[in-house]
């Protein structure tokens, strides 16, 4: 598999995330909004890391699948971890009490193993599908 020099749409995704962050920080706490923030920040961060360290490389299909599996795992773990971090930041910025309930925080913590496994499986599947597509 040949990895391109530039990931298409990464600059646009970064700009959209920055705009969303500016809007998100001013709004009251909402679980779905903070999850979007965590998932988006993880996706954009992994995109930039991938572009920096993998751009232009040619990988065997086995290494390609391992890379996509690891990226999927990192996406699952990173999404839940960054969501929890953003929940903390949001609560710390507003002086009127917690933005998120204990149930919401516990739910987010409980999602971490599930999101990690789903990310690993999805990354593996995407890697295999792209390998198959490139060989057609």
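Yes or no: the stretch 113-122 includes at least one residue that is modelled with pLDDT under 95, over 14 Å from the mean Cα position of the chain (by Cα) and under 20 Å from residue 63 (Cβ atoms). Looking for residues that are modelled with pLDDT under 95, over 14 Å from the mean Cα position of the chain (by Cα) and under 20 Å from residue 63 (Cβ atoms), one finds none in the stretch 113-122, hence no. Do we find a residue being within 26 Å of residue 129 (Cβ to Cβ) and under 15 Å from the mean Cα position of the chain (by Cα) anywhere in the stretch 79-90? Yes, the stretch 79-90 contains a residue that is within 26 Å of residue 129 (Cβ to Cβ) and under 15 Å from the mean Cα position of the chain (by Cα). Filtering the stretch 82-105 to residues that are assigned to a helix (DSSP H, G or I) and either loosely packed, with under 14 Cβ neighbours inside 10 Å or without any contact (Cβ under 8 Å) to a residue 40 or more places away in the chain (or both) leaves 88, 89, 92, 93, 102, 103, 105. Out of 58, 36, one residue alone is out of contact with any strand residue (DSSP E or B) (no Cβ under 7 Å at 6 or more places or on another chain) and within 22 Å of residue 126 (Cβ to Cβ). It is 36. Per this entry, residue 65 is not counted among residues that are without any contact (Cβ under 8 Å) to a residue 40 or more places away in the chain, surrounded by 11 or more Cβ atoms within 10 Å (Cβ to Cβ), touching a helix residue (DSSP H, G or I) at 6+ places or on another chain (Cβ under 6 Å) and under 21 Å from residue 124 (Cα atoms).
If you filter the stretch 122-136 down to residues that are within 14 Å of residue 66 (Cβ to Cβ) and touching a helix residue (DSSP H, G or I) at 6+ places or on another chain (Cβ under 7 Å), you find that the one that is surrounded by the most Cβ atoms within 10 Å (Cβ to Cβ) is 127. Among residues of the stretch 17-42 being surrounded by fewer than 16 Cβ atoms within 10 Å (Cβ to Cβ) and in contact (Cβ under 8 Å) with a residue 12 or more places away in the chain, the one that is farthest from the chain's Cα centre (by Cα) is 28.
The values are calculated or read from the model by the stated rules, or taken from the named source; none is laboratory data. Computed from a predicted model, the values in this text were never measured in an experiment. Glycine gets a Cβ as well: all are built from the backbone with ideal geometry, and neighbour counts include every protein chain shown.
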